[in-house]
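A.B. asks: This is the structure I want to talk about, given as structure tokens.
What follows is calculated from the coordinates using simple rules that are stated; it is not laboratory data. Remember, it's a predicted structure, so these values are computed and weren't measured experimentally. When we count neighbours, we look across all protein chains shown, and the Cβ atoms used for this are built from the backbone with ideal geometry, even at glycine.
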Amino acid sequence: MRKRALVVGALTVGLLAVSGPSTASANLMWCVSDPPIPVVTPGGHNLMVNNLIYLTPADKHNAKLFTHDAATAPNGTGGTRITVHVYIPAVIHGAHIVSNNYRYRVADAADGTGGRVLTLILDVPTS
């Protein structure tokens, strides 16, 4: 019985050594979705702007401090330009923001650090 345990243990160690190092999964980024921003185009259409905020795990507890707003204007070609402002709190070390409208599949992204205001532009093909 003892020889059997030694053989099984030796085979296990050998297989682990041959298989190489395994990778560990680390949560490098944390994604938070702010509540959508409702906007009305100059032509009267109701749209939603969604903001995804990617943070480091160390900053995720401050995610609720983010604020944002949006404004619309004609883009000159029959569509609408949506200007989104995302206010990054001063306590945040860094953030990646993705602003989009799912209906028209338009998006813009930017990176910023604490205390900054990021401006993202969405060009929607309808007014």
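A.B. asks: What residues qualify as long-range amide H neighbours of Asn75, i.e. H under 5 Å apart, gap of 5 or more or another chain, H built at 1.01 Å from N?
C.D. replies: Residues meeting the criterion, in which the H sits 1.01 Å from N, are Thr80, Arg81.
A.B. asks: 7 Å from Cα along Cα→Cβ at both Val98 and Lys64: what's the point-to-point distance in nm?
C.D. replies: 2.5
A.B. asks: When the Karplus curve 6.51 cos²θ - 1.76 cosθ + 1.60 is applied with θ = phi - 60°, which whole-Hz ³J(HN,Hα) does each residue of the stretch 105-113 get, with x for Gly and Pro?
C.D. replies: Each residue of the stretch 105-113 in turn: 6, 10, 8, 8, 9, 7, 10, x, 10 Hz.
A.B. asks: Okay, next question. Figure the gain on full extension for Thr56 and Ala71 (residue separation times 0.36 nm, minus the Cα-Cα span) and round it to one decimal in nm.
C.D. replies: Details: separation 15, 0.36 × 15 = 5.40 nm, distance 2.87 nm.
Gain on stretching Thr56 to Ala71: 2.5 nm.
A.B. asks: Quick check: net charge around Ile121, other residues with Cβ under 11 Å of its Cβ, Lys/Arg +1 and Asp/Glu -1?
C.D. replies: Residues near Ile121 contribute -1 overall.
A.B. asks: Working only with C-alpha atoms, what are the Rg and Dmax values of the stretch 36-120, expressed in angstrom?
C.D. replies: 13.7, 44
A.B. asks: Now a separate question. May I ask you to compute the full-extension gain from Arg105 to Ser33, defined as 0.36 nm times their residue separation minus their alpha-carbon distance, rounded to one decimal in nm?
C.D. replies: Details: separation 72, 0.36 × 72 = 25.92 nm, distance 1.69 nm.
Here the answer is 24.2 nm.
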